[in-house]
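Structure record follows, encoded as structure tokens.
The values are calculated or read from the model by the stated rules, or taken from the named source; none is laboratory data. All values derive from a computational prediction rather than experimental measurement. Neighbour counts run over all protein chains shown; Cβ positions are idealised from the backbone, glycine included. Surface accessibility is based on the protein's heavy atoms, side chains included, excluding ligands, DNA and RNA. Shrake-Rupley method; radii C 1.70, N 1.55, O 1.52, S 1.80 Å.
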Amino acid sequence: MTDSKPVLTVSPSWLKPEASVALRCNCDNQSESWRIYWYKAVPDKSENGYIYELLPGSISETANNSFMIHGQTQTAGFTCRAGRGNPKYFTDYSEPKFVWSAVSHPAASLSVSPDREQHFTSESVTLNCGGNSTEWRVKRFSESGDLTVVPNCSDWMKMSGSSCVVSRQSSSKAVFWCESGSGEFSNTVNITLHSKLLSSVPVHPVTEGASVTLSCRLRGENNISDVIFYHNDKLIQNDSRGELKISAVSQSDEGFYKCEHSGEVSPQSWMAVKGELDSIYYCVSNPGSSSFPLLLVLGVVCGSVFIILYYFQSFHYDTDTCQHSHLFSSRILRTDEVKLLSIIFFKP
């Protein structure tokens with residue numbers, strides 16, 4: 001093996017509930033004498049890059065070139081390098097790779113205004129970073145696979161406050177996220193800039209049971225009719241309406257949406273759907289949106305819910321193995337379970 005820089009790959013790129021993250025570090029001419037070291041990338045306030053910290057746990061050095069991470073729920077960056085000998089001789093670090101999450105959290109969150117994924121090239125898009133820091137920078141990962149600079153926002157010293165205005169004259173698609181001066185990553189969003197026809201899909205996940213209206217926008221026109229809507233490339237509406245209304249969103253509504261008008265087809269955008277319980281977590285973890293008494297009540301209710309769930313899940317019966325197994329820490333609540341709990345606690 002030479003001392004060339006390793007190449008890191010991560011899978012999947014976008015996190016899903018209960019999914020594990022697979023890291024693979026590819027090195028030239030690797031032999032048994034080399035060991036792979038795995039690191040997380042932490043935003044470095046002293047420069048525009050990252051500092052690298054060994055991944056927590058006792059297994060951060062492995063003889064093979066793959067490593068699994070379980071329980072990752074937030075946007076994160078990783079890198080690797082190889083080492084051998086005593087004292088250790090190390091290769092360079094690989095370029096950092098990222099896994100992205102659409103779920104926001106109190107320490108760092110990203111919101112978009114206007115609240116949609118697609119925008120005209122003539123429009124300005126405002127990205128708002130929020131959380132437990134007063135210093136922020138915004139990162140952009142382009143469709144070509146490059147970590148690129150956002151003018152006046154990717155440098156700690158240039159970004160003013162917590163807002164970043166993005167504007168481009170050419171069509172483009174990229175992934176954006178915020179990084180805080182305290183080393184946190186925000187949720188991640190897709191932003192598409194296009195010149196002609198857009199499908200208005202929410203940029204943030206939609207809660208199960210909520211209503212949502214998707215529209216089709218033509219540059220220079222306020223309202224258009226005779227629009228065709230597609231879900232995962234399947235035609236789902238073709239009439240005189242210019243909107244697609246979903247009265248109660250379910251998991252089956254998640255997927256790619258696009259619209260067509262007068263032979264012009266918009267780019268497609270992903271609409272994510274989150275469970276009802278996630279909304280409870282969001283309310284409790286964002287005190288700015290509620291008063292203290294309401295937070296106290298929600299805290300008590302959520303605590304009681306967890307106690308009941310722990311009792312039932314501690315003795316979950318596995319019909320495939322005929323054994324009892326503890327699954328509480330690794331399973332997402334089903335919608336019917338959430339509704340049952342809401343009846344128990346909120347029925348008058």
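Of the residues making up segment 253-271, just one is within 19 Å of the chain's Cα centre (by Cα), open to solvent by 50 Å² or more (accessible area, probe 1.4 Å) and free of Cβ contacts under 8 Å to residues at least 40 places away in the same chain, namely Phe256.
Restricting to segment 85-104, name every residue that is in a loop (DSSP other than H, G, I, E, B) and not small (Gly, Ala, Ser).
Asn86, Pro87, Lys88, Thr91, Asp92, Tyr93, Glu95, Pro96, Val103
Given the structure, is Val206 in contact with a Phe, Trp or Tyr (Cβ under 6 Å, 6 or more places away or on another chain), touching a residue at least 24 places away in the same chain (Cβ under 8 Å), among the hydrophobic types (A, V, I, L, M, F, W, C) and open to solvent by less than 70 Å² (accessible area, probe 1.4 Å)? No, not satisfied.
Could you tell me whether Asn152 is closer than 30 Å to Leu8 by Cα, assigned to a strand (DSSP E or B) and not aromatic (Phe, Trp, Tyr)? No. For segment 156-171, a residue qualifies if it is open to solvent by 40 Å² or more (accessible area, probe 1.4 Å), touching a residue at least 40 places away in the same chain (Cβ under 8 Å) and part of a loop (DSSP other than H, G, I, E, B), and the qualifying residues are Ser167, Arg168, Gln169, Ser170, Ser171. Against the definition (closer than 16 Å to Lys139 by Cβ, within 13 Å of the chain's Cα centre (by Cα) and open to solvent by less than 40 Å² (accessible area, probe 1.4 Å)), how does Cys178 come out, yes or no? Taking the combined requirement at face value, the residue satisfies it. Only one entry in Ser172, Ser163 is closer than 27 Å to Glu260 by Cβ and assigned by the TED database to the domain that holds Arg140, namely Ser172.
Please give the number of the condition Ser94 fails out of (1) surrounded by 20 or more Cβ atoms within 10 Å (Cβ to Cβ); (2) in the same structural domain as Trp156 (by the TED database). Going through (1) surrounded by 20 or more Cβ atoms within 10 Å (Cβ to Cβ); (2) in the same structural domain as Trp156 (by the TED database) one by one, Ser94 breaks only (2).
Residues of segment 231-244 that are open to solvent by 40 Å² or more (accessible area, probe 1.4 Å) and at pLDDT 95 or above: Asn232, Asp233, Lys234, Leu235, Ile236. Criterion applied to Leu214, Leu244 was being of a type outside the set (Gly, Ala, Ser), in a strand (DSSP E or B) and without any contact (Cβ under 8 Å) to a residue 40 or more places away in the chain, and the one residue passing it is Leu244.
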